[in-house]
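Below is one structure, written out as structure tokens, with a few remarks after it.
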Ligand SMILES: [Zn+2]
């Protein structure tokens, strides 16, 4: 058997860990949808916009109350322009392998929509897509589902910290504090509320396995060391007369306040030796400040909070080599390839080939679907397994590693590394091979 097929057989046999998803619970998905509305929730919709689709046309195409054929006609030229990007290929692979549609076009879109709706109505679609078709053992979902542990879906959770680090409304502050039986009258109270929430969920008894920060969408990842008194002055703006009534619009937490609270959250995570997932690199959507998301901006946090294991997302794309350098340099910095295989499949392969030369192989997690709708996860894991197979086959071919080492590395990055980093053993039945099902 040739190297590629040999490696591919091994990689296809793995039941993998999925480090990052945004999936709603299966029972809570919106009913008012169809295949175009759901598949254009995110990602490929952004490629359609960068291909030239207007904002007005995008909202028409997403509106499931309008005739499907009419909407397809509007979107078809941009769809055709973008269909070979990573995002486009995910949808094509999903149409083919989940719904039996070989090509998405004006003749097949109606049939695809019928199959999509039938699958949703039948039930058990999450199990079919995530476990049977994608071979995923467990997914880490990001969000504030409460209570976290009551779900039949194969999920554990990341606790989203943005509303604690960067609060936006007095009413929200009060409601969050009430959940841990507190009232907030000072920054010290808010710090206590934050600590109590972390202790409530990150105690080894819930399905919450790590913290998550998505602030690179809204501000720079450079979090300066700030005095509590300065942060308090800024926090007290929430108590100004105009900001107290429930119906007032949200205000933006100042950089000083969110700098201070980020350091506070890191100090609690340091004390409790937690894992902190951090968004770095390209932000979803069209139009943002890419340079805010450079992971090297986090260096002061990596240096100060040595017991926190920072799981840095999205390959840091386009700061891919910067992230490799950080993971090589710091014991507490880990590479997470979630979302990466579809942002650019070629960038993911090249990055992995280079990282495996520079970075110890226990520092990389290979897959996180990062989808808001379940069908996308299938196409993403397909490309992830293919990319890892191609990258490892290249390293065997150029004599860097043996075929048995390549198989070992594949198992590490798809299964063992994320399992160890996030302490997932207790949620798995010990089976991480599809053959042992
Ligand atoms: Zn995400």
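The values are calculated or read from the model by the stated rules, or taken from the named source; none is laboratory data. This one's a predicted model, so the numbers in the text were calculated from it and none came from an experiment. As a convention, Cβ positions derive from the backbone with ideal geometry for all residues, glycine included, and neighbour counts pool all protein chains shown.
Among the numbered conditions (1) away from the ligand (no atom under 16 Å from the Cβ); (2) crowded, with 17+ Cβ neighbours inside 10 Å; (3) at positive phi, tell me where residue 415 comes up short.
Answer for residue 415: the failing condition is (3).
Just to check your reading of the model, which residue among 300, 288 is surrounded by fewer than 20 Cβ atoms within 10 Å (Cβ to Cβ), in a helix (DSSP H, G or I) and out of contact with any strand residue (DSSP E or B) (no Cβ under 9 Å at 6 or more places or on another chain)?
On the way: 288 fails: in a helix (DSSP H, G or I).
Sole residue among the options that is surrounded by fewer than 20 Cβ atoms within 10 Å (Cβ to Cβ), in a helix (DSSP H, G or I) and out of contact with any strand residue (DSSP E or B) (no Cβ under 9 Å at 6 or more places or on another chain): 300.
Per-residue answers, yes or no, for (1) within 14 Å of the ligand (Cβ to nearest atom); (2) surrounded by fewer than 21 Cβ atoms within 10 Å (Cβ to Cβ); (3) outside the structural domain of residue 276 (by TED's automatic domain parsing):
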site: 306; (1), (2), (3): no, yes, no
site: 312; (1), (2), (3): yes, no, no
site: 330; (1), (2), (3): no, yes, no
site: 334; (1), (2), (3): no, no, no
site: 340; (1), (2), (3): yes, no, no
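Looking at 369, 376 in this structure, which one is outside any helix (DSSP H, G or I) and within 16 Å of the ligand (Cβ to nearest atom)?
369
I'm checking my understanding of the structure. Among residues of segment 242-281 that are in a loop (DSSP other than H, G, I, E, B) and within 16 Å of the ligand (Cβ to nearest atom), which one is surrounded by the most Cβ atoms within 10 Å (Cβ to Cβ)?
The initial filter retains those residues of segment 242-281 that are in a loop (DSSP other than H, G, I, E, B), namely 244-254, 273-274, 279-281.
The next check asks that each one be within 16 Å of the ligand (Cβ to nearest atom); those that pass are 279-281.
Working: 279: 26, 280: 28, 281: 23.
Ranking the qualifying residues of segment 242-281, first place goes to 280.
Could you please tell me which pairs satisfy a Cβ distance under 6 Å, a separation of 6+ or placement on different chains, a first residue in segment 144-172 that is farther than 19 Å from residue 209 by Cβ, and a second residue that is surrounded by fewer than 20 Cβ atoms within 10 Å (Cβ to Cβ) and at pLDDT below 95?
168/250; 169/250; 170/243; 170/244; 171/246
Does any residue of segment 208-230 turn out to be in a helix (DSSP H, G or I), touching a helix residue (DSSP H, G or I) at 6+ places or on another chain (Cβ under 7 Å) and away from the ligand (no atom under 16 Å from the Cβ)?
yes
Give the residue, chosen from 84, 50, 65, that is in contact (Cβ under 8 Å) with a residue 60 or more places away in the chain and farther than 21 Å from residue 129 by Cβ.
50
Grab the helices (runs of 4 or more DSSP H) fully contained in segment 1-99, keeping just those with 2 or more residues being within 20 Å of the chain's Cα centre (by Cα) and closer than 25 Å to residue 155 by Cα. Don't jump to the end; show me each part of the working.
Working: elements: 3-13, 35-39, 44-50, 55-61, 68-82, 86-99.
Helices (runs of 4 or more DSSP H) meeting the threshold: 35-39, 86-99.
Quick check on my filter: what residues within segment 106-141 are closer than 25 Å to residue 425 by Cα and part of a helix (DSSP H, G or I)?
126, 127, 128, 129, 130, 131, 132, 133 - these are the residues of segment 106-141 that are closer than 25 Å to residue 425 by Cα and part of a helix (DSSP H, G or I).
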